[in-house]
Amino acid sequence: YGSCGDDFTDSRDGRKYKTVCIGNQTWMAENLNFNVSGSLFYDNESANGDIYGRLYNWEMIMNAQAPSDLVPSGVRGICPEGWHVPSHDEWNILINYLGGEVYAGGAIRDTVGWNPPNIGATNSSGFTAKPGGFENGEGIFSMIGETAYWWTSTADIAIPGRNQYVVNGNQFPLVLFYAAPPNMHMSCR
């Protein structure tokens, strides 16, 4: 792609994505929507892909690469050429730049498309987080309209067999880290 803030086209499928500059980082300003075997649309409805992108399990987003908490992570994984799956530490850089866990949630969350109350949403960063929910790894979808979940490239050290993800919801202006089993399907930035 060109410069930070320019749109880019994924050469694998021709899909265009917006980007945004936040501090010294360049982020996709929408969730990945690349079709890989096993990826899901929320409720298996393709129209949800146009809004929220696809949902992936951790193995899909990593694409056989080792976990990383480096900055940059070095994990291209499922991402388009020139992009990578952000690590826990890269997410932390974003969160700290936007005022820390207490304030960053509102700064990254879109002001429309979320169920009320959408507390603190300003999208002042241009990250434009959408509430795409998740799939629990057993076919049950949950939290669309209420919460956004994104995988990181970081394995959870405290809970072996689980991997870290970031969550942002309409009921709180926070951005928090948790760990989940790798078979869950969540978004990727």
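Computed values, structure above
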| quantity | calculated |
| --- | --- |
| Residues (open to solvent by 70 Å² or more (accessible area, probe 1.4 Å) and in a loop (DSSP other than H, G, I, E, B)) located in segment 19-48 | ASN24, ASN35, SER37, GLU45 |
| Any hit, segment 9-24, residues being at pLDDT 95 or above, touching a strand residue (DSSP E or B) at 6+ places or on another chain (Cβ under 6 Å) and among the small types (Gly, Ala, Ser) | no |
| Boolean, ARG76 is within 25 Å of ASP13 (Cβ to Cβ) and basic (Lys, Arg) | yes |
| Residue in segment 1-18 that is most open to solvent (accessible area, probe 1.4 Å), counting only those that are outside any loop (DSSP other than H, G, I, E, B) and closer than 14 Å to GLU81 by Cβ | THR9 |
| Residue that is least open to solvent (accessible area, probe 1.4 Å), among those in segment 141-174 that are on the phi > 0 side of the Ramachandran plot and small (Gly, Ala, Ser) | GLY145 |
| The listed residue being outside any helix (DSSP H, G or I), at pLDDT 95 or above and over 20 Å from SER37 (Cβ atoms), out of VAL112, VAL75, VAL85 | VAL112 |
| Residue in segment 49-70 that is most open to solvent (accessible area, probe 1.4 Å), counting only those that are polar (S, T, N, Q) and on the phi < 0 side of the Ramachandran plot | GLN65 |
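The values are calculated or read from the model by the stated rules, or taken from the named source; none is laboratory data. All values derive from a computational prediction rather than experimental measurement. Using ideal geometry, Cβ is built from the backbone for each residue, glycine included, and neighbour counts are taken over all protein chains shown. For the accessible areas, the whole protein counts, side chains as well, though only heavy atoms, and no ligand, DNA or RNA atoms are used. Shrake-Rupley method; radii C 1.70, N 1.55, O 1.52, S 1.80 Å.
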